[in-house]
Every structure is written in structure tokens, then in C-alpha cells.
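The values are calculated or read from the model by the stated rules, or taken from the named source; none is laboratory data. As the structure is a computational prediction, the values presented were derived from the model and not from experiment. No Cβ is skipped: glycine too gets one built from the backbone with ideal geometry, and neighbour counts run over all protein chains shown.
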Amino acid sequence: MADGTGSGRSRLSALHHDILHHIITYLPVTEAAGAAGLARDWRHLWRSYPLVLKDARIPEAARDAVVPRVLHDHPGNFRAVILPDCRLASLDRELPAWPRLLVDKRTEKLLLAYRWVMDQPNPARLLPADILRCDSLQELTLDFWTFPSGTEVLLPRLRTLTMVRIGTSDQDLESLIAASPVLQSLRLIVNSPKHVRLRSKSLMCALVGLSTVEELTVVDTPLLARLCLFVPRNGVRIRIVCAPNLRALGYLDTRVLKLQIGDSVVRSDRMVSASTVVPSVKILALTVNFGVFEEIKMLASFLRCFPNVDTLHIESALHGPSVTANEPTWEHHAKFWQEISPIFCLRSHVKKMVIHDFRGDQNEFEFLKFVAMNAEELQSLLVASHKEILSSADKVNEIKDELQCLQFPTSISAVLRVSPKAAILWRLRKACILTIDDPFEC
């Protein structure tokens, strides 16, 4: 577009070079390279701006050839190399030194997702050791690799680390965290370590999802603000030793999780003591099967450990094989909620409560009756329906009618949300976005 002066100079070319660099960053790599042909002043841009390479923006048929060529030919540093469709056979063949090149080009953001071909006998390939010595990296995402055991790690600028389907030992993971002195966000999804120990002076957010972890210990994390757990395995133990600024915690699953605070294990048949209280937590998420008596007792014990919670999420679990014929009836559960001693956070602190996957079972309503009688500070109660009742208008109306019968001391009304819950992958991504205040809102 001409500037109207007759000079023929485009308005874009009149922009400052820093702005032009920023514009090119948002273009697919093939278009960014082609921008040099737009005007004489643009010819230097491709060669001078830090490379942003995303293989998803390259036509699939051309990726094997284009990715190695772009990495080899670009003379400047690499701002971001995003390869979710990393085809290592072609990359190794065309550019054998690509791991070292990423280091030499001062890569800041790197995503390497190894694309496994089904007929390969050993799908998880060994991660090149050079990647773990790229001292310019600020954000690293690895998917489907085997960690090179015993490798020296040097990641002094790394702030965000995501590991998905990574084969690694307990000790190598602990060494990796220790070698990342400014690490703020850690996501571990479907990984192999059995024991995860978090010891970091900089870590602010940790997420463990869909994992086989048997024990997660928060050893010494003075800045840790949120600890998120999604779909833990049976028998997992969570131990909190030192996390003085922990603000958001969940999901603590009463079905499978053993919670230890300091040296004390939280039990359903033992009153919580001063040594098993975490006063810093403000947002708490729990999972419970309201049909299992032992689980609702554990729910009460968990709630007593976090006296200052003001936002409470409770996920109502499916009534699966764990509910046996000799489980107490809902009348027995109702008696428990009627006779239980006050729970401090519910009585004096909780202002917002969300019940997820609500199906309208009588045991769920018995808990809501307890909340209605005791939550003196409650300002908002959202009941999010389970997907199985969405197809039944009669069931939805029945739940609405029962919710209307609840009377709260703060004169609020329970609101029923009839919409499906967000997918687990979206919830995993959202949980580590520190600008989102509540990681369990969905």
C-alpha cells in the first residue's frame, strides 16, 4: 500500500524495524521468508529477525525438507522452535547436528514432540543430551522421550518445563529441577517416575496429571502457590513438608489419595491437629464418592486441614465398584452430617463453592443440606451437572426443584449449570496459567 505521497514506499516499510520484526514473528515461516520479496527494505528482515519456526504451519508434505533447511539456513538466533510433529528420521538425515544447533542459536522456546511410527520396536527415543545444556532456554516442552540418565543438566534461564510421556528416573527428575534455578512452572503428565520430590526456591506452580506417581513430596518450595493433581493412581501419597505460600491445592481424591502434612498422616478416624493444618490454602479442590461412608468421613478430615479456604471445588465421583452392598444407606450418611462437629472453613470462610459432576443422588443432597445449615459466609453455590443427566429434562427439573428447597443463612440460591465439563486436556493446560486465579474453574 502506497503512502499517498507518490513515493511508492509502503506504509509498512515506514515502520520502525523493531515493529517489522514483531510483525514477521506472527507469520508462518514460509511466508516470513517470502516477505523479503515485498519491498527492498524488507529483504534483510528474514535474515536478521530471531527465528520462529512452527512445523504445524508448514504443509505436511513439505515438512521433512523444509524444517532442516530453515534451521540450517537461518543466520540469526532462534526465538522459538515448535515441532509437535517432529520427524527425527528426516531431521537426523538432513541435519545431523540439529541438537547442537539449537544450543548454538540461543533457542529461547522449544517444543519437541517425537512422532512415533507404530511399527518401531522402541517408541520412546533417547532425548539428545545437548537439549539439557541449552542455557538460553526459557520454556521447554518434551513429549514422548526417554531421559538420558546421568547427563549433566544446565538450564539457568528455564522458567517453564512441561514433560509428557517421558521415561525418567526419580533421581534424574530431581536433578533436572535442581539444575533449573529460576523454574516457575512444572507440568508432569503421564510420566514414569514413581517418586517426585519438589525442592525449588523459585517454583510457583506444579501439576501432576494422568500419572503413575506413587508419592509426591513437597520438600522445600517457599514460593509454590499452586499444586494441581489430576486423575492420580490408586494409593498415591501426597506429603507437604514446606510450602508456606501454597494458595491453590487439588484435586485431593478421597478414593485413592493418602495425605500427609509434615510427619502426620490425615485419617478419617482421627481429629486433625495443629500439625496437620495448612492455613495458606485459599482454593481447594476435592474428589469424593458421596455414596461411600469412609470417603465422606475423609472429606470432612481433609476440609479440617485447610481452615482458611474461601473457594471450594468438590467433584462428585462416579459410584463404581467401590460401592458395595453393605455400604450404609443415605439415612446413615444424613445422620453423619447432622451429628458432625463444625468444620471451620465451611462455617467461617468459604464464600464460593462449586459441586462438579452432580447427578442428584440423595447422598449428594445430604451434603448440600449440611452446607446450607453451616456455611455462614457462603455467597455463591454453583452445581454443575454430570453429563449423564443432560439428556433428561425430567431429571434436570427434579434437581432444580430440590435445590430450590435449600435455604442458606446468607439468603443465596444454588445455581444449576447444565453444560458439559471442559475436557481434561484443556483443564491440564489451564491449571498452570498463573494469570488465571482459580485453576479449577471449568
Residue in the stretch 235-255 that is in a helix (DSSP H, G or I), touching a helix residue (DSSP H, G or I) at 6+ places or on another chain (Cβ under 8 Å) and not hydroxyl-bearing (Ser, Thr, Tyr) present: no
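Before we move on, is Arg267 of a type in the set (D, E, K, R), modelled with pLDDT of 90 or more and part of a strand (DSSP E or B)?
Values: of a type in the set (D, E, K, R): yes; modelled with pLDDT of 90 or more: yes; part of a strand (DSSP E or B): no.
Taking the combined requirement at face value, the residue does not satisfy it.
Residues of the stretch 86-110 being of a type in the set (Lys, Arg) and in a helix (DSSP H, G or I), which ones? Lay out the reasoning, then the answer.
Here is the first cut: in the stretch 86-110, the ones of a type in the set (Lys, Arg) are 87, 93, 100, 105-106, 109.
Across the stretch 86-110, the qualifying residues are Arg93, Arg100.
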Residue that is of a type in the set (A, V, I, L, M) and buried (at least 17 other Cβ atoms within 10 Å of the Cβ), where the choices are Leu88, Leu142: Leu142
Qualifying residue in the stretch 304-315 (condition: over 21 Å from Val278 (Cβ atoms) and either in contact with a strand residue (DSSP E or B) (Cβ under 6 Å, 6 or more places away or on another chain) or part of a loop (DSSP other than H, G, I, E, B) (or both)): no
Of all residues making up the stretch 285-295, the number that are within 20 Å of Gln338 (Cβ to Cβ) and either assigned to a strand (DSSP E or B) or at pLDDT 95 or above (or both): 1
Subset tally (residues that are closer than 11 Å to Val418 by Cβ and in a helix (DSSP H, G or I)) for the stretch 363-401: 8
Any hit, the stretch 60-82, residues being among the charged types (D, E, K, R), modelled with pLDDT under 95 and assigned to a strand (DSSP E or B): yes
Subset of the stretch 38-57 [under 32 Å from the mean Cα position of the chain (by Cα), over 23 Å from Val103 (Cβ atoms) and either modelled with pLDDT of 85 or more or loosely packed, with under 14 Cβ neighbours inside 10 Å (or both)]: Ala56
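Pick out the one residue from Ile166, Ile177 that is out of contact with any Gly (no Cβ under 8 Å at 6 or more places or on another chain) and part of a strand (DSSP E or B). Show your work before the answer.
Numbers: Ile177 fails: part of a strand (DSSP E or B).
Just a single option satisfies the conditions, and that option is Ile166.
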Count - residues of the stretch 180-202 that are outside any strand (DSSP E or B) and modelled with pLDDT under 95: 5
Qualifying residue in the stretch 284-292 (condition: of a type in the set (Val, Ile, Thr), closer than 28 Å to Gly360 by Cα and touching a helix residue (DSSP H, G or I) at 6+ places or on another chain (Cβ under 7 Å)): yes
For Ala325: the one exception among (1) of a type in the set (A, V, I, L, M, F, W, C); (2) exposed (fewer than 14 other Cβ atoms within 10 Å of the Cβ); (3) at pLDDT 95 or above: (3)
Filter result for Leu140 (under 18 Å from the mean Cα position of the chain (by Cα), modelled with pLDDT of 95 or more and over 30 Å from Asp263 (Cβ atoms)): yes
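Being among the polar types (S, T, N, Q) and surrounded by fewer than 23 Cβ atoms within 10 Å (Cβ to Cβ) is the filter here; which residues of the stretch 201-250 pass it? Before you say what the answer is, go through the steps one by one.
Step one: of the stretch 201-250, the residues among the polar types (S, T, N, Q) are 202, 211-212, 217, 221, 234, 245.
Result: Ser202, Ser211, Thr212, Thr217, Asn234, Asn245.
Just to be sure before I move on: is Thr276 of a type in the set (S, T, N, Q) and touching a Leu at 6+ places or on another chain (Cβ under 6 Å) in the structure I sent? Talk me through it step by step, then tell me what you get.
Numbers: of a type in the set (S, T, N, Q): yes; touching a Leu at 6+ places or on another chain (Cβ under 6 Å): no.
Answer is no for this residue.
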